[in-house]
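Chemist: Please see the structure below; I have some questions.
What follows is calculated from the coordinates using simple rules that are stated; it is not laboratory data. Predicted model only: the values in this text are computed from it and were never measured.
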Amino acid sequence: MYAVIKTGGKQYRVSQGQKLRVEKLNGNPGDKITIAEVLLVGGEGEPKVGQPTVAGAKVEATIVAQDRAKKVIVFKFRRRKNYRRKQGHRQPYTELHIDGISV
């Protein structure tokens, strides 16, 4: 069984036992969270498609880690103008373990 969930402005296809990195969510490692924005549930028979979400469907997950991604270097440069700007960015993320999908 799989589901398509929406969190952090993005959509993810998840199944039970999967590990997933999403945009930062509130909580500490070990906390259990419920994601109610389930857009589609499939895998057994006909898929259930929500309009916009599937009524009564939810995904249970456990927070594994709160961390930051690898650094991305933003470098702006204009040739012959002596213009250089260097900036780094590390995006925070939450790593989830999908415990179950219920309809």
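Chemist: Stokes-Einstein D for the range 1-87 at 37 °C, 0.692 mPa s, Kirkwood Rh over Cα pairs, in µm²/s?
Modeler: Taking Rh from Cα pairs, D becomes 208 µm²/s.
Chemist: May I pose another question? Would you mind calculating the relative contact order of the range 2-102 from Cα pairs under 8 angstrom and at least 6 residues apart, reporting the percent as a whole number?
Modeler: 33 percent
Chemist: What ³J(HN,Hα) values, in whole Hz, does the Karplus curve 6.51 cos²θ - 1.76 cosθ + 1.60 give for the range 82-87 when θ = phi - 60°, with x put for Gly and Pro?
Modeler: 6, 10, 9, 9, 10, 9
Chemist: I need the phi-derived Karplus couplings for the range 44-60: 6.51 cos²θ - 1.76 cosθ + 1.60, θ = phi - 60°, integer Hz, Gly and Pro marked x.
Modeler: Per-residue couplings from phi come out as 10, x, 5, x, 9, 9, x, 9, x, 10, 7, 5, x, 8, 8, 10, 8 Hz.
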